[in-house]
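Note sheet for the following structure.
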């Protein structure tokens, strides 16, 4: 019932793909994917841009983590002595509300939009991509970190707080032992997402594989496009394996 009105509203017309001219152009472009370009000069440039893509994602995630950890810890009532009393004091409640709204603002704007803004501010290049991923993912990580910390068994943390422990001790010995594996797993998953995002951000001038892919696609260089896509698939596969190894190590 809802699918047809939504398709009409979004002007979804998949039959355009079957148009004779579109189909001919698509098949011609796909045929140029084989063989992938493998000459030494291109592979050297591809390796450089691949490393830049990983660096953008990793630096962006590091910035996001630095943003997310204070926001998550500050907005988590589980780690607050004032939360042991009911109702919670007005000032701590106001601070937590402000921090939660800060995370809402950070993650509400997609990283692509942040990248477009930062490209205007700092110019073309990886800096815009790092800042875009750091800010957008900082809000996402902060929200999920806070929810993970809140979802654990409150008894150990509350017992530590009631007996005079500080927030850091309660976090390290009461909350983290329960949540560490889930926190690590989600962080690695977000790093994988950051690699994919850094490729997309390259289309707006943030550098890396995305910018190389954009140039190759505009020149209809199918061999270059297929080589870049193969490297991108390999990157995602490697990050997935890293996530699986870390999950087994934390289990």
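The numbers here are math on the coordinates, done by the rules we state, and not lab data. The structure displayed is predicted, hence computed values, not measured ones. Note that each Cβ is placed from the backbone with ideal geometry, even for glycine, and that neighbours are counted across all protein chains shown.
Ordered by the number of other Cβ atoms lying within 10 Å of each residue's own Cβ, fewest first, 186, 137, 145 fall into the sequence 186, 145, 137.
Between the helical axis of 222-250 and the longest alpha-carbon principal axis of the chain there is an angle of about 20 degrees. Taking the longest Cα principal axis of the chain as reference, the axis of helix 209-218 is set at about 30 degrees. Taking a quarter of the surface of the convex hull around the Cα atoms of the range 37-250, what do you get in nm²? Average of the hull's projected areas for the range 37-250 equals 13.4 nm². Among 130, 109, the ranking by other beta carbons within 10 Å of each residue's beta carbon, starting with the fewest, stands as 109, 130. Net length available on complete extension from residue 100 to residue 237 is 46.0 nm, with 0.36 nm assigned per residue and the Cα-Cα distance removed. Can you give me the angle between helix 176-201 and the longest principal axis of the chain, using Cα atoms only, in degrees from 0 to 90, rounded to the nearest 10? The angle comes out at about 30 degrees.
Packing-based ranking of 20-26, 201-207 yields 201-207, 20-26, ordered from highest to lowest mean Cβ neighbour count within 10 Å.
Residue order for 67, 228, fewest other beta carbons within 10 angstrom first, comes to 67, 228. Computed per residue of the chain from DSSP H runs no shorter than four, each worth -39500 (n - 2.57), the mean residue ellipticity at 222 nm is -25500 deg cm²/dmol. Which residues in the range 181-225 place their backbone N less than 15 Å from a point set 7 Å from the Cα of residue 43 along the Cα-to-Cβ direction? Counting only backbone N, you get 224. With contacts taken as Cα pairs under 8 Å at a separation of at least 6 residues, the chain carries a relative contact order of 28 percent.
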